[in-house]
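Undergrad: Have a look at the structure that comes next, please.
The values are calculated or read from the model by the stated rules, or taken from the named source; none is laboratory data. None of the values given here were measured: they were computed from a predicted structure. Backbone-built Cβ (ideal geometry, glycine too); neighbour counts: all protein chains shown. To get the accessible areas, we keep the full protein, side chains included, count just its heavy atoms, and leave off ligands, DNA and RNA. Shrake-Rupley method; radii C 1.70, N 1.55, O 1.52, S 1.80 Å.
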Amino acid sequence: MSGGVIARPATASEEKVQRYTFVERAYHWIDAFAYIYLLLTGLALFTPLLYWLAYVLGGPSTIRFWHPWVGLVFAYTIVWMHRKWKADMEPIPQDDQWNKNLKAYAENRDENMPPQGRFNAGQKKFWKVMFLCTFILLITGLVMWMPERIPPQLHWIGGLMIFIHSVTALITIAAFIIHVYMSVWVTPGSVQAMMDGNVSHNWARTHHRLWYEKITGRRN
């Protein structure tokens, strides 16, 4: 079962729970690096104040060429992860209580949080935002990539696509910042889990109890 193997080192006390498979981690990091490249090149193309980033990343013509191609890679990894994690992203009854206790989560008061599945309600919200925004960016980006295909009488569509593309990108930037903050500072161990794929039993039981109980059969 994906994300549910118990690794057994030399001693039982060192047992780890597999949080992510190698393939899941590979797709995640390809997606992450693709997004960062798109973020930096997009900002360079978005405002003259950050145009210097274009020269850092190879020059204006280089980023104009690679930005849409990397965008396709990003979209593909998003679709792959969606298909892989779709069932884990489905809402559960405990999500409503988790959302009501969001302040406690941000303050690391885990004892006040309801049990969660493989992904908590916050992660599900982040995923929905990124999944929806990816398709908006893909559609608007394709139009911007091939403006010569827009009929002259519909030339106004180009400007509209640029506006929608820019606003959507800014939304993903806000979501990305929150995602990084939550992963690094609010839930220590999340980044390491995406690096080596494993988490401790205590971490899994604390942050994703329902998932932990499902894959281990343990209730304590």
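Undergrad: Inspect all residues belonging to segment 187-204 and state whether any of them is more than 19 Å from the chain's Cα centre (by Cα), open to solvent by less than 30 Å² (accessible area, probe 1.4 Å) and of a type outside the set (A, V, I, L, M, F, W, C).
TA: yes
Undergrad: Filter segment 100-122 for residues that are in contact (Cβ under 8 Å) with a residue 12 or more places away in the chain and in a helix (DSSP H, G or I) and give the result.
TA: Selection gives LEU102, TYR105, ALA106, ASP110, ALA121, GLY122.
Undergrad: Within segment 104-114, how many residues turn out to be open to solvent by 40 Å² or more (accessible area, probe 1.4 Å), closer than 17 Å to VAL184 by Cα and not aliphatic (A, V, I, L, M)?
TA: The qualifying residues number 4.
Undergrad: Residues of segment 29-58 being surrounded by fewer than 15 Cβ atoms within 10 Å (Cβ to Cβ) and in contact (Cβ under 8 Å) with a residue 24 or more places away in the chain, which ones?
TA: TRP29, the sole residue that qualifies.
Undergrad: Another one. Based on this model, can you work out whether PHE126 counts as assigned to a helix (DSSP H, G or I) and within 28 Å of TRP98 (Cβ to Cβ)? Talk me through it step by step, then tell me what you get.
TA: On the way: assigned to a helix (DSSP H, G or I): yes; within 28 Å of TRP98 (Cβ to Cβ): yes.
Criteria met by PHE126.
Undergrad: From the set of residues in segment 154-186 that are open to solvent by less than 40 Å² (accessible area, probe 1.4 Å) and either in contact with a strand residue (DSSP E or B) (Cβ under 9 Å, 6 or more places away or on another chain) or hydroxyl-bearing (Ser, Thr, Tyr) (or both), which is nearest to LYS103 (Cα to Cα)?
TA: SER183
Undergrad: Within segment 61-69, identify whether any single residue is out of contact with any His (no Cβ under 6 Å at 6 or more places or on another chain), under 19 Å from ILE171 (Cβ atoms), modelled with pLDDT of 95 or more and surrounded by 13 or more Cβ atoms within 10 Å (Cβ to Cβ), and answer yes or no.
TA: There is at least one residue in segment 61-69 that is out of contact with any His (no Cβ under 6 Å at 6 or more places or on another chain), under 19 Å from ILE171 (Cβ atoms), modelled with pLDDT of 95 or more and surrounded by 13 or more Cβ atoms within 10 Å (Cβ to Cβ).
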